[in-house]
Amino acid sequence: MTTTTTTNTLPAAKHFTLQQLADGVYAAIVKEHMGAFSNGGFIDLGESVLVIDAFLTPQAALELRTLAEAITGNPVRHMVNTHWHGDHVRGNQVYADVSIIATEITKNLMAEHLPARIAAIKEQAPAQLQALQDQFDNATDDAQKQAFAAELTQFHEIASTFDTLKITVPNVTFENKMTLHGSRRSAELITLGGGHSPSDIFVYLPQDKIIFMGDLLFVRTHLAFWNANEREWIEVLEQIEQFDADRFVPGHGPLGTIEDVRANKQYLLDLHQLVETHIQNDGTEAGLADLNIPSAYEDWDFYSMFPGNIQKLFAQLKAQ
């Protein structure tokens, strides 16, 4: 088994921290509030490099591409979008000259939804900026000021892209599996359907026993259900448990193990049971506000996702 290292020989980055997982395999673990928002990574195939995901901003994507080519000495020839959500694809324009790979479903969802979503973000930006600035100005202690300052930093990172942002959809698609071969290793791009989104890709490196999971995995972080199918997500995780892998790069959170994959599956099962019991007890949608985060997940990040997650489950279960 290859150990994970973060060494002084790796260049410092503004938007993420690079962690070497194997010779030629690197995870880019996001730095909070710096404009990347989600994790990514890159893989040296031998003569070329595969990049996983394009972050929330083009400047974060450009930084990763630049470092990937400098560290490996090889050109980036492929970039894969694990799914269609903005924090994984809004840097795609940096890769317009290479193969941008996704499923056909992901490509279509990007083309259908991103223009309106980005237009709405731009329209709402002035009011959001003023609200954040007011919160910062009215903060009563140092901790609050630091939190709002961080939010302002991220906001400005995003807003700085508004005039130059170009929606760039994938130009290569596949249905079930696509393997990229190189002299150093092969990378298997696999979709087992939906889960976190209507179509999710993970990248499996059998030689290195590593899987880049995209948002199929959140490590010690509340999962995001807004576009998810909870049953399909569980089924996908159960299949991934059968892969010969011992290190997992999540879409959000620190590097994980198979235990984190199992913890995500249990989170899905536990929230399902929580909401199902609520419904069986004649609980209402308004009554969801009285449900507490299960104790096993009280210290997980992104706790603000919990109310939306149980609301989504409530709607799905009531519709059955």
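Any read-out appearing in this document is the output of simple, stated calculations on the displayed coordinates, not a laboratory observation. If you're wondering where the values come from, they're calculated on a predicted model, not measured in any experiment. Cβ atoms come from the backbone with ideal geometry, glycine included; neighbour counts cover every protein chain shown.
What FRET efficiency comes out for the pair Q135/A286, r = Cβ-Cβ distance, R0 = 22 Å, nearest 0.05?
On the way: r = 27 Å, r/R0 = 1.25.
The value I calculate is 0.20.
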Residue exposure sequence - K166, K107 - by fewest surrounding Cβ within 10 Å: K166, K107
FRET efficiency, H181 to K14 (Cβ-Cβ, R0 45 Å, nearest 0.05): 0.85
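Can you check what the net charge comes to around L205, using other residues whose Cβ is under 10 Å from the Cβ of L205 (Lys, Arg +1; Asp, Glu -1)? Spell out each step's value before the answer.
Working: positive: R185, K209, R247; negative: E188, D208.
The answer is +1.
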Unit charges at the beta carbon, dipole of segment 255-307: most positive-side option, L291, A263, F302: A263
For segment 226-245 versus segment 44-108, the gap between their alpha-carbon centres in whole angstrom: 24
Segment 76-86 - phi-based ³J(HN,Hα) in whole Hz, Karplus 6.51/-1.76/1.60, Gly and Pro as x: 6, 10, 9, 9, 10, 8, 5, 6, 8, 5, x
Cβ charges +1 (Lys, Arg) and -1 (Asp, Glu), total dipole of the chain, debye: 780
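Of K122/K312; K14/K209; K177/K209; K107/K166, which sit over 23 Å apart, Cα to Cα? The partial results should precede the final answer.
Numbers: K122/K312 27 Å; K14/K209 28 Å; K177/K209 17 Å; K107/K166 15 Å.
Flagged as over cut-off: K122/K312; K14/K209.
Excluding G251 itself, calculate the net charge of residues whose Cβ lies under 10 Å from the Cβ of G251, where each Lys or Arg counts +1 and each Asp or Glu counts -1. Kindly include the intermediate steps, with their values, before the conclusion.
Numbers: positive: none; negative: D53, D87, D200, D215.
That works out to -4.
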Exposure proxy ranking, count of Cβ atoms within 10 Å, fewest first, for E63, E235: E235, E63
Calculated from backbone phi, Karplus (6.51, -1.76, 1.60) coupling profile of segment 184-190 in Hz, x at Gly/Pro: 9, 6, 10, 10, 9, 9, 10
Cross-link partners of K318 among aspartates and glutamates (Cα-Cα below 12 Å; sequence separation of 8 or more within a chain): E276, D282, E285
17 Å cut-off, amide nitrogen to a point 7 angstrom out along Q320 Cα→Cβ, residues in segment 209-237: 228-236
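Please arrange T277, T173, T191 by counting, for each residue, the other beta carbons lying within 10 Å of its beta carbon, fewest first. Write down the numbers at each step before the final one.
Numbers: T277 11, T173 16, T191 22.
Lowest count first: T277, T173, T191.
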Leading residue at positive end of dipole, the chain (Cβ point charges), from L64, A143, V76: V76
